[in-house]
1. For the chain, find the longest principal axis of its Cα atoms and tell me its angle to the long axis of helix 149-161, 0 to 90°, nearest 10.
2. How many nm separate the modelled label positions at residue 179 and residue 258, each set 7 Å beyond the Cα in the direction of the Cβ?
3. If you take the square roots of the eigenvalues of the alpha-carbon gyration tensor of segment 1-76 and sort them as a ≥ b ≥ c, do you get rounded (a/c under 1.5), prolate (a/b over b/c) or oblate?
4. Tell me whether segment 41-96 comes out rounded, prolate or oblate; compute the Cα gyration tensor, take square roots of the eigenvalues as a ≥ b ≥ c, and use a/c under 1.5 as the rounded threshold.
5. What share of the DSSP beta bridges in the chain is antiparallel, in percent to the nearest 5?
6. With everything on Cα atoms, drop me the angle between helix 64-74 and the longest principal axis of the chain, reported from 0 to 90° to the nearest 10.
7. When the helix-only estimate is applied to the chain (DSSP H runs of n ≥ 4, each -39,500 (n - 2.57), divided by the residue count), what is the mean residue ellipticity at 222 nm, nearest 500 deg cm²/dmol?
8. Let's test the formula: R0 of 45 Å, r as the Cβ-Cβ distance of residue 41 and residue 111. What FRET efficiency results, to the nearest 0.05?
Ligand code: HPA
């Protein structure tokens with residue numbers, strides 16, 4: 001089953017058949033929204049709204065671990081995260097899709113592992129997929145290929161088929177937010193190799209990896225990053241772009257799932 005994480009502006013996934021809403025709790029609290037289960041292009045998918053149905057979770061406070069844990073419990077094998085980003089690479093324009101292939105984590109205060117060694121959460125109940133937590137292990141997952149190459153390939157084929165404007169690779173830099181970056185920060189991220197900047201792509205991808213789920217991210221350029229734009233950034237601009245791209249994103253999802 002594919003798990004879809006909807007970002008800013010994508011709070012619901014309409015067009016699903018045999019829809020079922022599941023509210024569940026995890027050892028890490030509740031996911032940011034109820035999980036919507038349903039059929040898309042004849043395949044079973046699960047959908048979570050990353051910021052909550054009313055956009056109530058800022059990037060630092062999204063219950064990332066609960067979201068990924070909920071997916072795992074429901075049988076999700078692959079995760080597709082939709083994210084709005086600012087463009088640092090000047091070839092990337094507002095409205096473009098980017099199938100990112102690597103990541104720089106610049107976040108500061110997020111729980112980004114299920115494996116906290118001696119500090120792991122003890123989970124009650126025999127039927128929960130909680131064995132890994134009871135083991136209280138320290139685990140270092142490999143991130144040589146941060147995003148699933150197979151999912152990326154299918155995403156690229158899908159974007160190509162739909163003749164949408166996209167970039168087949170790019171480095172995603174994740175900042176803490178909720179404020180936008182300064183122009184100096186963007187220049188620094190550019191020197192580090194970042195092509196796009198967002199506030200939510202990490203730790204989702206690492207947590208998915210810890211739970212053995214493949215993960216890819218479909219990024220949508222909402223704005224030129226700070227200092228490149230030549231004007232002040234607003235979250236309204238980001239949400240508006242995501243709303244404008246909603247139909248295209250849904251088309252991509254339908255075809256991606258069918259492929
Ligand atoms: N910076 C960080 N996150 C973002 C941006 C940005 O410019 N645009 C959309 N999400």
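Taken together, the values in this text are just the output of simple stated rules run on the coordinates, not laboratory data. Everything numeric in this text was worked out from a predicted model, so none of it was measured. Virtual Cβ from ideal backbone geometry, glycine too; neighbours counted across all protein chains shown.
1. So the helix axis and the longest Cα principal axis differ by about 50 degrees.
2. About 4.6 nm, to one decimal.
3. oblate
4. Numbers: a/c = 2.38, a/b = 1.47, b/c = 1.62.
Oblate, because a/c is 1.5 or more while a/b does not exceed b/c.
5. On the way: 15 of 44 bridges.
Taking every DSSP beta bridge with both residues in the chain, the antiparallel ones total about 35 percent.
6. 60 degrees
7. -8500 deg cm²/dmol, from helical runs alone.
8. E between residue 41 and residue 111, to the nearest 0.05, is 0.85.
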